[in-house]
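Only one structure is covered here, and it is reproduced in the block below.
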Amino acid sequence: MTRIPRPLLAAFILLVFVSLGCNLAQPIVDRAKGAVARLNSNEAATPNRRPTLRPTFTPTPDYTPTPTNTHTPTITPIPTETPTPVPTDTPIPTDTPVPTDTPEPTNTSPPPPPTATFTPAPSPTPDFPFKLREQGNRMLQKTTNHSIFGVIAITDGNSTPLGGYYVMGEHSSGKTYKSAESSWKYDALSGLEGYIKQGNVKFEPGPFEDGTWHVYVSDSNGTQLSEKIPLSYSSDPTQWVWDFIWWTQ
């Protein structure tokens, strides 16, 4: 058997493939021609129809979308539970603390000076012409007489009796009394031995009764000429006394 050279064999195989490709491509070419013919016939039938342009796409750089809502949402924190404190038992003190001595203050401000209190001046006492010179001692003037009795002396500065004056009395019950006119001599005596007082007018308002007589010297017009002297009496016989008063100019 004659051996075919390799170059010749390769050329033969290539020719076979080309021949087969032409036979296979002929129907495709025929179909393409038929499509073109139909297209041309359609365009002839509709001469005003313009071909539809197909859009071309231009590649753009990478697109990064911009958010339209720039509001940043607020995150509401979730409240955390606060533990409720549990009351604890208060310990009971066992020992009572002994109080310590309080230290004395070292720098104590002096108390403010006392505020001056205004004391109104006493009302001036009327300058009466007769002053009290002597009043008897009731410890030595006990009596059993049922009526009040008083020895009154009204004199000048030389102890000379003055007539024409009266002894006036005002009782706490509202009663009043006016004595007889004084004389120019000592004609009113106490009549007791060892303790004798004499005057020139008597004070005899009546029986003993509870209350106080205020007595003073007056002239015939009832003008007060001395300060009033209180004489208290009691209805109790053990408290009965007589009195002595000496007024002098």
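No lab work stands behind these numbers, since they all come straight from the coordinates. Since the structure is predicted, the reported quantities are computational estimates derived from the model, not experimental observations. Neighbour counts run over all protein chains shown; Cβ positions are idealised from the backbone, glycine included.
With a sphere of radius 12 Å drawn around the Cβ of Ser235, what net charge do the other residues whose Cβ falls strictly inside it have (Lys, Arg +1; Asp, Glu -1)?
Net charge around Ser235: -3.
Percent antiparallel among DSSP beta bridges with both residues in the stretch 131-248, to the nearest 5?
So the antiparallel bridges in the stretch 131-248 amount to around 80 percent.
Within 10 Å of each residue's Cβ, count the other Cβ atoms and sort Arg6, Arg133 from fewest upward. Walk me through the numbers on the way to the answer.
Working: Arg6 8, Arg133 14.
Ascending Cβ contact count within 10 Å gives the list Arg6, Arg133.
Find out how many positive minus negative residues lie around Glu209, taking Lys and Arg as positive, Asp and Glu as negative, among other residues whose Cβ is under 13 Å from that of Glu209.
Local charge sum for Glu209: -1.
Sort His146, His171 by Cβ crowding within 10 Å, fewest neighbours at the top.
Details: His146 11, His171 17.
By the 10 Å Cβ count, ascending, the order reads His146, His171.
Using the 10 angstrom Cβ neighbour count as an exposure proxy, how do Asp243, Asp219 rank, fewest first?
Working: Asp243 22, Asp219 12.
Result, fewest neighbours first: Asp219, Asp243.
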